[in-house]
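A short write-up of the structure that comes next.
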Amino acid sequence: MDVRSQMSMVFHLDKCLGCHTCTVACKNIWTDRKGAEYMWFNNVETKPGTGYPTKWENQDIYKGGWERSNSGDISLKGAGKMKGLLNIFHNPNLPVIDDYYEPFTYKYLDLTESAQMDIQPTARPVSLITGKPIDIKMGPNWDDDLSGTPEHARKDPNLHNLSATEQEAMFQLEQIAFYYLPRICNHCLNPACVASCPSGAIYKRGEDGVVLIDQNVCRAWRMCVTACPYKKTYYNWSTGKSEKCLLCFPRIESGLAPACMHSCVGRIRYLGVLLYDADKIQSAASASDNSLVDNHLDIYLDPFDPAVIQAAKDNGVADSTIKAAQESPVYKFVKEWKIALPLHAEFRTLPNLFYVPPMLPVMATISENSKDLSTLNSKARAWDDKWLYDTSIDEIFGSIDNMRMPLKYMANLFSNGDEPMMADKLKKLMAVRIYRRHVTVGDISEAKCKAALKDCGLDLASAEAIYQMTSLAKFDERFVIPAAHREQSIEMLESTADVKGSTGFGFLDKPARGI
Amino acid sequence: MDVILFGAFPYVALVIFLVGTIFRYKTGFKYSSLSSQLLEGKKLYSASVPFHLGILVVFLAHLVGFLFPSFYTSFGGMSLVYLEVAGLIFGFLALVGLVFLFIRRITNDRVQMVTNKMDLAIEILLIAQFAIGLLVAIELKWGSGWYASNMAPYLWSLFAGSPDVVAMAAMPFLLKLHVVLAFAIIFLIPFSRLVHFLVVPLHYITRPFQVVRWNWDRKTIRDPKTSFDDIQRPKNN
């Protein structure tokens with residue numbers, strides 16, 4: 001057992017309101033530079049939709065991630081030692097800037113400095129690459145809120161195994177539903193970007209599992225862009241170096257939440273430590289398709305198990321980190337309550353970002369309500385107009401079968417196509433709602449509520465805990481971050497007198513393009 | 001003049017090359033192949049692949065002739081013809097590829113934005129060098145033979161510290177030009193994007209796929225006997 005610690009995340013999709021505050025916070029800190037304008041370390045996509053870059057989930061196009069051979073070995077789909085070195089002069093699987101979008105701004109000065117004319121001056125869009133006027137054809141969030149559905153939502157790669165009828169049903173105007181999918185780097189346990197880098201510039205930090213690109217070693221061989229199935233490594237065309245989300249590691253080291261998480265308005269984001277067994281990575285990543293998710297989640301260890309604690313200590317994991325692992329909200333969501341799943345487990349990178357699937361837009365059906373209102377209390381009745389989201393509980397879990405978004409679609413994203421697993425998570429979320437309805441509205445008996453909880457392996461205490469963590473958790477409960485130890489912090493090891501009068505510590509070169 | 005061009009200039013070029021590339025490598029960040037494939041992908045394919053393939057083979061052929069001259073002198077008859085034709089084909093590939101690359105670089109708006117004077121200068125120099133090289137191969141036939149017997153000794157004399165300027169001065173003009181241009185290009189390597197050929201990632205072949213960097217030695221970090229006084233600064237800072 002090789003116990004290591006990993007900073008991992010949970011995004012609760014039911015709470016995401018699609019405000020893009022996370023995106024803006026990240027943009028302003030990290031990618032507001034020449035060559036990085038088109039990069040979004042954090043972005044929020046509308047599902048169904050094609051995302052950014054367009055159709056990134058379709059690995060027939062982008063060749064990202066790992067693939068499993070019949071013999072059970074895994075290899076990189078579009079990169080690797082043979083393919084990577086043979087394609088080094090021209091990488092046939094590299095997305096070009098148009099697959100993302102050509103970054104642009106507007107000539108705002110034209111509005112104020114234009115000569116007097118008969119017509120109003122306009123601010124024309126100009127490319128941030130060439131500086132020339134362009135027609136904007138694409139943006140980082142072009143299909144937000146289902147805009148351009150025929151072009152975008154209809155071409156969602158996750159619809160590939162849905163029948164034409166199922167797809168039609170999904171896109172009926174009265175039926176149509178969507179939810180948001182915020183994405184950052186997954187800081188995977190089996191990162192394809194690291195494995196694909198010919199220079200060895202990309203690495204996983206042993207202490208906290210953050211995946212980083214060493215800017216001094218990157219030589220622009222561009223294989224990481226192909227290999228990352230989530231398309232979360234980006235090539236900076238100006239400096240000639242690849243860049244990616246760094247989980248705001250300077251903030252994490254000092255115990256602060258990353259900028260995207262700190263600024264999250266819906267409070268959907270949770271960050272905490274998971275202890276995992278590095279010896280199991282290879283077998284988990286090469287597990288068969290139907291046991292992939294289970295094997296992935298099996299890697300994470302119980303932080304209360306004395307054997308795990310001892311093994312962690314032997315491996316240099318600090319007591320504060322072990323304590324953080326015990327209080328980790330991520331551990332609770334993923335291992336204790338089992339309501340969070342990784343995104344696209346089939347890419348086999350073992351991502352460390354888990355999603356609590358959205359229940360409301362998915363399960364609620366809109367129907368003409370003909371329920372007997374007499375059982376409801378007066379407040380609930382007042383809300384119950386004729387057409388309403390039908391979250392009725394007469395038939396517990398009944399609506400899972402006629403969800404607005406087919407279970408198959410949801411399973412394609414979060415459970416590697418395993419529909420019962422997906423239904424199980426949605427059932428749990430529904431059961432927690434039933435429990436809360438029992439507590440607040442009171443039209444559900446305790447016996448019925450307990451039956452619903454028991455049906456999906458929860459009890460009153462865990463339902464209350466899920467509710468607390470989902471709705472009421474304060475900052476320190478959502479983010480349990482063990483700060484770096486002072487005695488180990490890098491800057492403490494240097495004499496400040498040595499660098500007095502100079503620019504400071506760390507990476508001091510300007511990120512200027514090589515000659 | 002010959003003394004300057006063939007006696008002194010090669011040394012200047014080699015010293016600048018050595019010092020310059022090492023200095024640039026130490027600063028790290030500016031060492032990159034500066035790929036422009038993200039901005040333009042399609043044309044790059046039909047230009048970059050033949051160019052790199054061509055220059056790689058031709059460069060290695062020159063290197064082998066320099067290091068093991070006897071390898072080429074062993075060729076004769078039809079095998080010599082095949083060798084010459086192969087050389088011409090790869091030289092031609094390199095030339096055509098680079099001309100395409102040059103055209104792409106000056107006609108594509110986006111690629112222009114990542115083009116500087118040195119990129120253009122080095123591409124023009126290389127085009128000239130390839131063209132002259134092809135001319136030499138056609139005009140002065142059986143180059144693989146006389147390269148091994150006549151040129152390799154001059155190059156060896158350079159490294160022995162006593163350049164054989166007299167032998168060089170007797171060579172045809174085209175060949176002299178080829179040699180001077182070669183050293184000019186070597187001179188410019190540390191100031192151009194050509195440095196990327198020095199960091200060909202062959203170590204990738206033997207490396208394990210996953211890379212983990214520990215800031216600290218995890219086996220001793222919790223040991224009370226570990227002194228923080230003599231801990232080395234982590235290499236990724």
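The values are calculated or read from the model by the stated rules, or taken from the named source; none is laboratory data. Values in this document were obtained by computation on a predicted structure and should not be read as measured data. Please note: Cβ atoms are built from the backbone with ideal geometry, for glycine as well, and neighbour counts cover all protein chains shown. To get the accessible areas, we keep the full protein, side chains included, count just its heavy atoms, and leave off ligands, DNA and RNA. Shrake-Rupley method; radii C 1.70, N 1.55, O 1.52, S 1.80 Å.
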Item checked: For A:Val210, residues with placed amide H under 5 Å, excluding near neighbours -> A:Met7, A:Arg205
Check: Other chains near A:332-344: what is the mean number of their Cβ atoms within 10 Å of each residue's Cβ?
Finding: 0
Checklist line | Alpha-carbon centroids, region A:322-355 and region A:1-49: separation in whole Å | finding: 17
Checklist line | Rg [Å, one decimal], Dmax [Å, integer] - the protein assembly as shown, C-alpha atoms | finding: 31.1, 112
Notebook entry, point to check: Which is farthest toward the positive dipole end of region B:2-205 among B:Ile205, B:Met78, B:Ile132, measuring Cα position about the Cα centre, with Cβ charges +1 (Lys, Arg) and -1 (Asp, Glu)?
Noted result: B:Ile205
Note to self: Nearest 500 deg cm²/dmol is fine: what mean residue ellipticity at 222 nm does the protein assembly as shown get from its DSSP H runs of n ≥ 4 alone, each adding -39,500 (n - 2.57), divided by its residue count?
What the structure shows: -11000 deg cm²/dmol
Check: Excluding ligands, DNA and RNA, what is the solvent-accessible area per residue of region B:2-205 at a probe of 1.4 Å, expressed in Å²?
Finding: 49
Checklist line | Accessible area buried at the B-A interface, both sides summed, 1.4 Å probe (Å², nearest 100) | finding: 6000
Check: Quick one: which of B:78-90, A:230-242, A:290-302, A:96-108 comes out on top by average Cβ neighbours within 10 Å, and what's the full order, highest first?
Finding: A:230-242, A:290-302, A:96-108, B:78-90
Margin query: If I model a spin label at A:Ser75 and A:Asp302 as a point 7 Å from the Cα along the Cα→Cβ vector, what separation in nanometres do I get?
Written below: 4.0
Check: Nearest 10 degrees, 0 to 90: what angle lies between the long axis of helix B:173-188 and the longest principal axis of chain B (Cα atoms)?
Finding: 10
Check: A:Ile61: accessible area at probe 1.4 Å, nearest 10 Å²?
Finding: 80
Next item on the list: May I ask you to list, by number, the DSSP H helices of chain A whose Cα span along the axis is at least 24 Å and whose average Kyte-Doolittle hydropathy reaches 0.0 or more?
Entry: none
Next item on the list: Please report the orientation-averaged projected area of region B:55-114, defined via the convex hull of its C-alpha atoms, in nm².
Entry: 4.9
Next item on the list: Grab the other residues whose beta carbon is less than 13 angstrom from that of A:Lys204, score K and R as +1, D and E as -1, and report the net.
Entry: +1
Checklist line | List A:Asp2, A:Asp135, ordered by accessible area with a 1.4 Å probe, largest first | finding: A:Asp135, A:Asp2
Note to self: Let me confirm one metric for peptide B:109-117, namely the mean number of other chain beta-carbon atoms within 10 Å of its residues' beta-carbons.
What the structure shows: 4
Item checked: From phi via Karplus (6.51, -1.76, 1.60), per-residue ³J(HN,Hα) for region A:67-83 in Hz, x at Gly/Pro -> 10, 9, 7, 4, 7, x, 8, 10, 9, 5, 6, x, 9, x, 5, 5, 4
Check: B:Val49: net charge of surrounding residues, Cβ under 15 Å, Lys/Arg +1, Asp/Glu -1, itself excluded?
Finding: +4
Check: How much of the accessible area of chain A, probe 1.4 Å, is carbon plus sulfur, in whole percent?
Finding: 53
Notebook entry, point to check: Of A:Thr349, A:Thr149, which has the most accessible area with a 1.4 Å probe, and how do the rest follow in descending order?
Noted result: A:Thr149, A:Thr349
Checklist line | For A:His187, net neighbour charge (Lys/Arg +1, Asp/Glu -1) across residues whose Cβ lies under 10 Å away | finding: +3
Margin query: At 1.4 Å probe radius, can you tell me the per residue accessible area of chain A in Å²?
Written below: 42
Next item on the list: Give me the number: length gained by fully extending A:Ser114 to A:Lys137, i.e. 0.36 nm times residue separation minus the C-alpha to C-alpha distance, one decimal in nm.
Entry: 5.7 nm
Next item on the list: Take every residue in peptide A:309-319, count the Cβ atoms of other chains within 10 Å of its Cβ, and give the average of those counts.
Entry: 2
Next item on the list: Could you work out the Kirkwood radius for region B:2-205, taking every pair of different alpha carbons, averaging 1/r and inverting it, reported in Å?
Entry: 18.3
Notebook entry, point to check: Of A:Met117, B:Met1, which has the most accessible area and how do the rest follow, probe 1.4 Å?
Noted result: B:Met1, A:Met117
Next item on the list: Quick one: go through region A:70-98 and flag any residue whose amide nitrogen is under 16 Å from the point 7 Å out along the Cα-to-Cβ line of A:Ser283.
Entry: A:72-74
Margin query: My understanding is that a pair violates if its Cα-Cα distance is over 22 Å; which of A:Lys81/B:Lys219; A:Lys55/A:Lys81; A:Lys425/A:Lys454; A:Lys204/A:Lys280; A:Lys63/A:Lys231; A:Lys280/A:Lys313 do that in this structure?
Written below: A:Lys81/B:Lys219; A:Lys55/A:Lys81
Next item on the list: Would you grab the residues whose amide H sits under 5 Å from the one on A:Val126? Only those 5+ places off in sequence or on another chain, please, with H modelled 1.01 Å from N.
Entry: A:Thr105, A:Tyr106, A:Lys107, A:Ile134
Item checked: Tail beyond 26 Å, pair distance distribution of region A:205-350 (Cα, percent) -> 35
Margin query: As a test question: what accessible area, to the nearest 10 Å², does B:Trp146 have when a 1.4 Å probe is rolled over all protein chains in place?
Written below: 60
